[in-house]
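Please read the structure below before turning to the comments.
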Amino acid sequence: MLQLNIATIGFDVLIISTSIIGMIKSIEWINKNTSELKNASIFYYNISEVVDIQIMGWLLLVSCFLLLISVFIRTPNEFRLMILGGLVSGLVYFAFGILAVDNASLYATYYNNLINGWVQIIIAGMGAIGIWKTKV
């Protein structure tokens with residue numbers, strides 16, 4: 001019998017929505033070249049001089065995909081996928097948040113990336129708690 005828990009549904013919706021938003025953002029990063037970045041935003045152009053934005057896009061895409069499939073796998077591997085996807089995507093968002101301090105024209109870019117990073121790290125922490133609860 002299917003058991004529906006409102007907290008689990010809410011957490012799954014959070015993971016799905018943050019994963020899809022991250023995947024959309026990462027596809028944009030993967031498809032942009034340097035001249036397109038300069039026309040789109042000086043922030044992304046300045047970041048592309050420090051870090052290859054396509055590599056960061058691939059890291060974010062893979063980690064968000066891991067988070068997305070963690071929702072549909074109901075085994076202990078679900079928590080491992082949450083930890084791996086949450087940590088990698090959180091670090092990518094933190095890196096962009098730190099780079100946005102001097103390069104972004106809006107503070108919202110800085111805060112958006114840092115908040116997204118914290119949410120991903122919290123998801124990774126929930127995965128760690130899930131592993132701990134299943135082993136106890």
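Every number here is computed from the coordinates shown, using simple stated rules; none is lab data. These numbers were taken from a predicted model, which means no experiment stands behind them. Note that we place each Cβ from the backbone using ideal geometry, even for glycine, and neighbour counts take in every protein chain shown.
Descriptive notes on the structure:
- Condition check for Ile53: β-branched (Val, Ile, Thr), closer than 20 Å to Ala100 by Cα and touching a Lys or Arg at 6+ places or on another chain (Cβ under 9 Å): yes
- Flag for Leu67 being closer than 30 Å to Ile129 by Cα and of a type outside the set (Phe, Trp, Tyr): yes
- In the set (1) under 15 Å from the mean Cα position of the chain (by Cα); (2) closer than 24 Å to Val51 by Cβ, the condition left unmet by Ala108 is number (1).
- Selection within segment 106-128 - surrounded by fewer than 12 Cβ atoms within 10 Å (Cβ to Cβ) and part of a helix (DSSP H, G or I): Tyr107, Ala108
This table checks each residue for (1) closer than 26 Å to Ile131 by Cβ; (2) within 21 Å of the chain's Cα centre (by Cα); (3) crowded, with 18+ Cβ neighbours inside 10 Å.
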{"position": "Asn5", "(1), (2), (3)": "yes, no, no"}
{"position": "Ile9", "(1), (2), (3)": "yes, yes, no"}
{"position": "Leu14", "(1), (2), (3)": "yes, yes, no"}
{"position": "Glu28", "(1), (2), (3)": "no, yes, no"}
{"position": "Thr34", "(1), (2), (3)": "no, no, no"}
{"position": "Ser48", "(1), (2), (3)": "no, yes, yes"}
{"position": "Trp58", "(1), (2), (3)": "no, yes, no"}
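- Segment 67-82, residues that are closer than 21 Å to Lys25 by Cβ, surrounded by 20 or more Cβ atoms within 10 Å (Cβ to Cβ) and not hydroxyl-bearing (Ser, Thr, Tyr): Leu67, Leu81, Met82
- Considering only residues in segment 70-105 that are assigned to a helix (DSSP H, G or I) and of a type in the set (Ser, Thr, Tyr), the one that is nearest to the chain's Cα centre (by Cα) turns out to be Ser89.
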